[in-house]
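Student: Below is the structure I would like to discuss, written out as structure tokens.
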Ligand code: FES
């Protein structure tokens, strides 16, 4: 499992492991995890094409901002559906559990600059919140 400590790489890690390999959750020093609905099997919240554009933008910008790996990095995961299925692309940022709608590349940039780097949630695109508990 070569990418366990690499913040960007949760894609396909588990599916490629044999049953004898040790499983380790990437508990590196990440500060946030962004999940975005993209490249869906059944695109409902937005077109597949538009979600892929946002996903690719997010991946590229995390690397360009040098926050895609290393201490204090930001995990990113592409998910098939976040069960909202409207006003997409939909994204959620943990640990705050802030849910964003209409995540175009422009909004993805604002989420990175304002929320992730600046600590200020982009309120006008938030439609729900469910923060993680600290007692895990
Ligand atoms: S298809 Fe995007 S949230 Fe369901």
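Laboratory data are not the source of any read-out in this text; all were calculated from the coordinates shown. Just so it is clear, the structure is predicted and the values come from calculations on it, not from any experiment. A quick note on method: Cβ atoms are made from the backbone with ideal geometry, for glycine too, and the neighbour counts reach across all protein chains shown.
Student: If you restrict to DSSP beta bridges whose two residues both lie in region 31-129, what percentage is antiparallel, to the nearest 5?
Tutor: The answer is about 60 percent antiparallel.
Student: Continuing with the same structure: Three principal axis extents, largest first, for the C-alpha atoms of region 31-129, in Å?
Tutor: Projected onto its principal axes, the Cα set of region 31-129 covers 35, 24, 20 Å.
Student: On to the next question. Using label points projected 7 Å from each Cα along Cα→Cβ, tell me how many nm separate residue 123 and residue 71, to one decimal.
Tutor: Result for the modelled spin labels: 3.4 nm.
Student: Run the simple label-point estimate for residue 87 and residue 113 please: 7 Å along Cα→C-beta, distance reported in nm.
Tutor: If labels sit at residue 87 and residue 113, their model points lie 2.3 nm apart.
Student: Report the Cα centroid-to-centroid distance between region 43-71 and region 74-130 in angstrom, as an integer.
Tutor: One Cα centre to the other: 11 Å.
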